[in-house]
1. How do the pairs read when you match residues in region 220-234 that are closer than 9 Å to N50 by Cβ with residues anywhere that are of a type in the set (S, T, Y), using Cβ under 7 Å and keeping only pairs 6 or more apart or on different chains?
2. Taking region 78-116 as the search range and keeping residues that are aromatic (F, W, Y) and under 21 Å from A355 (Cβ atoms), which one is farthest from the chain's Cα centre (by Cα)?
3. Which of (1) modelled with pLDDT under 90; (2) under 30 Å from A305 (Cα atoms) is the odd one out, the single condition L192 does not satisfy?
4. Using the structure shown, decide if V260 is modelled with pLDDT of 95 or more, surrounded by fewer than 18 Cβ atoms within 10 Å (Cβ to Cβ) and touching a strand residue (DSSP E or B) at 6+ places or on another chain (Cβ under 7 Å).
5. Just to be sure I understand, how many residues within region 494-522 are under 18 Å from A435 (Cα atoms) and free of Cβ contacts under 8 Å to residues at least 60 places away in the same chain?
6. Within region 339-383, count every residue that is small (G, A, S) and modelled with pLDDT under 95.
7. Out of G110, G134, G143, report the one residue that is in the same structural domain as V339 (by TED's automatic domain parsing) and under 13 Å from N94 (Cα atoms).
Amino acid sequence: MTTARRTAGRAPARILIRVGLVIVSSLMAIAAVEGAYRAWRGLPIFSGANWRTQRIQALQVESPALLDSRLGWTMRPWVGGPGFNTLDLGIRSNGLDEPGVRVGGVLAVGDSFTAGSDVVDSETWPAHLERILGTPVVNAGVGGYGTDQIIMRAEQLLPLVRPHTLVVGFLDDDIARAEYSVYGQPKPYYGLDNGVLTEHRPGDLQGGGLRSAWDRARRSSVRALGHSAAADAVLAKLAPQLWFLSPEGYIHAEVDGPAVTCALLDRLGRQTRSSDVHALVFMQYGGLVYTRTETPPPPADRVLACVKRAGFDVVDQFEPLKAVYRRDRSAFSAYYAPVKNGLYGHMSSLGNLNAAELLATAIRRGGTATASSTASATGNAPLLPRSEVPTYPELLARVASTSHATFEAIAGGDRRPTGVYRLVARGAGGEHYVAASSLGSPPGRHTLTAEVASDSTNRVRLQLLDGRSSVALADVDLNTAETVTQARESLHATVHATRMSDGWIRVTITADLPAPGRTIIVQLLSKDGQTGFEAHGESIRVRVLRLEHGV
């Protein structure tokens, strides 16, 4: 009996030991895979970086969106690129080389259908509307907005732009977005109690959150896996939505989207009437809506029913495009940007032209914005005084690593960041560089300042570019402080390199850049000055990276 009891008592201990051995061996196997992957990719073996977070930050740097404490996000000002350009306040250009934001005309607010995703500057409906009316149209659309954010943006811009006409562009989906406290990013939302609106700022999750144990476990797992470079590489490729959005990607705030939208329209209507602004609500729909229903979806119907009570005229694109769909489905497809698998994207230039023609008729009916009664769209329109031009006194935190180079803060003796970063080449043959992109800034004279020091190599290339790839660059030898400059004569570029008392090299590049938008590139060169080479851990240190306008 005693022996049996002893044997029975040992069984749980043996099971625990076996489970422990399985766990330990599994962890060792995972660590081996992780180490092998990092060695193969030339990544720091013992780095505790969160690779998922770094990848998300890099995507945000490249994005034209800019985080905003009240609206959640807005468009970056002075983004420059082929077919996509913005002005002050994140206003999208209409493709007319506008010198700034013009006041006194038409203000258009909305989501990506207003901003004009999938088309170039001159093909958005605000751009078409400007050509039809012959009056300035300010395109303040922002992708991903809900009706709450759209109305808040209108309230924010009305006193600045001082329009005679306001167009509030809604997509039917925007009404549902007003019910979320997080929609890809934290956003504002409104509670509504007995007709009284209560504003919740971005990040306030009173009305919603991660309620289930599964959501909480998934969030913890994603955070833990983010520290694995191998897991990040696999999940970013195979399941990007699951990996990047995580459980916090979309959080429903349990509010009534149509009711909140109507209450906000009432508030906006009081503001437009007091300012004597002709206000319209323009309702648009995704292409699939026309294939599924003969009437506007119920949420859109609810909002349209309350629009006139709030003092707005109504322009609804449903019936005009539904008529096209009934008549010729292939012709209807031309109104939207093509997407694979029979889906519809944003509106094409043709669809935006249809929108502009509908709006022009309604605006003229309201007695405003005729070509004969307004200043020309570009030449004589008064400009909004330019908001303070952005400067970037410290860009180090905005630099994004790439597939062939890492950029990480160096920790000191107490393991806290020292303010110094190390740029390290990694991977096989190629160019080894990092970049800070989508820096909003208007055309003009700019100065890039960098303080760099040799580590395991002494050659670096610094580049200052605008949104249309005009570039001033300097190759710097960190041993001798000698530089080689490359730039077109029209940029009037100058480069200076000075050795400081502590041995670091301060480099400045000054150039006249003709287009808006800025990108800064820091690139490692080989010992013989070549841009492409196979990495063997070449590295430099960087402690200052600054961009200034007008200097």
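1. G226/T53
2. Restricting to residues being aromatic (F, W, Y) and under 21 Å from A355 (Cβ atoms), the top hit is F113.
3. Going through the list (1) modelled with pLDDT under 90; (2) under 30 Å from A305 (Cα atoms), L192 breaks only (1).
4. Judged against the criteria, V260 is not a match.
5. Looking only at that region, the number is 1.
6. Result for region 339-383: 13.
7. Just a single option satisfies the conditions, and that option is G134.
Residue-wise test of (1) modelled with pLDDT of 95 or more; (2) under 25 Å from the mean Cα position of the chain (by Cα); (3) of a type outside the set (K, R).
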site: R468; (1), (2), (3): no, yes, no
site: P514; (1), (2), (3): no, yes, yes
site: T531; (1), (2), (3): no, no, yes
site: G537; (1), (2), (3): no, no, yes
site: R546; (1), (2), (3): no, yes, no
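The values are calculated or read from the model by the stated rules, or taken from the named source; none is laboratory data. The shown structure was predicted, so the numbers you read here are calculated from the model rather than taken from an experiment. Counting neighbours? That spans all protein chains shown, and the Cβs are built from the backbone with ideal geometry, glycine included.
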